[in-house]
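Encoded as structure tokens, the structure appears first; notes follow it.
The values are calculated or read from the model by the stated rules, or taken from the named source; none is laboratory data. Bear in mind that the values here come from a model prediction, so they are computed numbers and not experimental data. Glycine also receives a Cβ, built like all others from the backbone with ideal geometry; neighbour counts cover every protein chain displayed. Remember, those area values only see protein heavy atoms, side chains included, never the ligands or the DNA or RNA. Shrake-Rupley method; radii C 1.70, N 1.55, O 1.52, S 1.80 Å.
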Amino acid sequence: MLMLVTYDVSTEDAAGRRRLRRVARACLDHGQRVQNSVFECEVDPAMWAMLRARLLSEIDVERDSLRFYRLGADGKRRIEHVGAKPALDLDGPLLF
Amino acid sequence: MRRHLNTIYVTSEGGWLRKDGQNVVVEVDGEERGRAPLHMIGGIVCFARAGASPALMAACAETGIAMSFLTPTGRFLARVEGPRSGNVLLRRTQHRIADDPVRSAAIVRGMVTAKLANQRTVLRRALRDHGSGMDESARTAINMAERRIDRIGCHAVMLDDVDKLRGAEGEGAQQYFAVFDFLRRVPATEFAFTTRSRRPPLDRMNALLSFLYAMLGHDCRSAAEGVGLDPQIGFLHADRPGRASLALDLMEELRPVLADRLALSLVNRRQIEAGDFKVDEGGAVSLKEEPRKRVLTAWQERKKDELRHPFLGETMPLGLVPHVQALLLARHLRGDIDGYPGFIWK
């Protein structure tokens, strides 16, 4: 299933910047960065449970927020991209 | 059911693969070209002299991502192999059955008859779709070959000797490749095909076929490893050092469906032209770099086509079929199903 993960992490102090880095890293391990704090993650339910737990353990619920959008199994169809930096289609042919 | 995982192909000179977190990162000349999470990748194929970091190789070996290094023409060079995992008991059973002529004949029969049936389907499809536009002589020849392959198939169903089955397979291939050229609908003589030649391929059609077979071989090998079978112990193909006989076995029935049809479509739709190949002085023919990418793209697209598996009755992408066939073979070896059901394409 395709999950969209967005976050807002307060970067006022060093601890916040650390949280930001670690949240980004967790998302990057499971998905693709499509905008600065927006990630598309193609994960199965088990992997999603792991990612979700990892994200929840990283943030400070007093200051940061996370939003998860469940796009479902054929979520690709619901996405339209306009403008610069189009995302790589990870299900398409990967030739480099 | 397993997800059909994607394969990364690195064809650029100066390619470098590394691991970053849980991602594969592809760099070309020091510049990042793309990244993908490891869990979405089933295989990595490197052409030309691409390198990979030890950390990535370790991660691939651990997670069962098949990583192969090939020459630009698709000839196999090396692969990264991790510690053997899977089930020892299954592998031992596989070895024992491979030594037992009676039991392995039953498996080989499944493979050979499925291959013959698929070759027949390729011929029949060509007749149905384009028969009216063909010469009378071509149509007759294809009809005859189709009927002969049918007869060989009917005969093979009753054989219980591996050598005789190998003979039937060879006979079928001879009939099939004898009329293969009639399936070509572009008049260009550059694509004329007379007989199968390999190592090296001596004409354009053979070069295209060899390249696609190499890709299919990679997929079949990772399918065999994926279900815990020993890819080197085959039933139809005899053991030879360094040869992945079981991968070759699994390939046989899929060749007509996945590779031959695709090669014909590429040529017939003029997606590949005569100028896309280079011919060595020695006569060896190979694909140029840019057309090779086109072939790989078509190959990846082809694997995404959905079909209904005739034995399981489930809809799946074509790219998953090698894995499913390996799984069915493993189940047969374990004794869960009575025979090996070859993949018969409709």
Every residue from region B:30-45 that is at pLDDT 85 or above and either open to solvent by less than 20 Å² (accessible area, probe 1.4 Å) or among the β-branched types (Val, Ile, Thr) (or both): B:34, B:36, B:37, B:38, B:40, B:41, B:44
Test: residue B:248 is free of Cβ contacts under 8 Å to residues at least 60 places away in the same chain, open to solvent by less than 10 Å² (accessible area, probe 1.4 Å) and of a type outside the set (Gly, Ala, Ser): no
2 or more residues within 11 Å of another protein chain (Cβ to nearest Cβ) and without any contact (Cβ under 8 Å) to a residue 12 or more places away in the chain: qualifying strands (runs of 3 or more DSSP E) within region B:1-67: B:31-37
Matching residues in region A:35-45 - criterion: being more than 14 Å from every other protein chain (Cβ to nearest Cβ) and assigned to a loop (DSSP other than H, G, I, E, B): A:36, A:37
Options B:103, B:75, B:120; residue that is basic (Lys, Arg), open to solvent by 30 Å² or more (accessible area, probe 1.4 Å) and modelled with pLDDT under 80: B:75
Extreme residue, farthest from the other protein chains (Cβ to nearest Cβ), among residues of region A:13-34 that are outside any helix (DSSP H, G or I) and touching a residue at least 12 places away in the same chain (Cβ under 8 Å): A:34
Test: residue in region B:90-104 that is closer than 30 Å to residue B:285 by Cα, out of contact with any Cys (no Cβ under 9 Å at 6 or more places or on another chain) and touching a residue at least 12 places away in the same chain (Cβ under 8 Å): no
Failed item, numbered, when residue B:226 is tested on (1) over 23 Å from residue B:169 (Cα atoms); (2) open to solvent by less than 20 Å² (accessible area, probe 1.4 Å): (2)
Region B:175-210, residues that are part of a helix (DSSP H, G or I), under 20 Å from residue B:135 (Cα atoms) and touching a Phe, Trp or Tyr at 6+ places or on another chain (Cβ under 7 Å): B:180, B:181
Count - residues of region B:215-245 that are assigned to a helix (DSSP H, G or I) and without any contact (Cβ under 8 Å) to a residue 24 or more places away in the chain: 1
Yes/no for residue B:129 being open to solvent by 70 Å² or more (accessible area, probe 1.4 Å), part of a helix (DSSP H, G or I), out of contact with any strand residue (DSSP E or B) (no Cβ under 9 Å at 6 or more places or on another chain) and closer than 25 Å to residue B:261 by Cβ: yes
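Can you pull out every residue in region B:50-67 that is surrounded by 14 or more Cβ atoms within 10 Å (Cβ to Cβ) and in contact with a His (Cβ under 9 Å, 6 or more places away or on another chain)?
Residue satisfying the conditions is B:66 alone.
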Subset of region B:155-210 that is among the acidic types (Asp, Glu) and open to solvent by less than 70 Å² (accessible area, probe 1.4 Å) - its residue that is nearest to residue B:98 (Cα to Cα): B:161
Residue in region A:46-96 that is most open to solvent (accessible area, probe 1.4 Å), counting only those that are within 14 Å of another protein chain (Cβ to nearest Cβ), part of a loop (DSSP other than H, G, I, E, B) and among the aliphatic types (A, V, I, L, M): A:73
Residues within region B:2-29 that are basic (Lys, Arg) and modelled with pLDDT of 85 or more, tallied: 2
Criterion violated by residue B:134 - all others in (1) in contact (Cβ under 8 Å) with a residue 40 or more places away in the chain; (2) under 24 Å from the mean Cα position of the chain (by Cα) satisfied: (2)
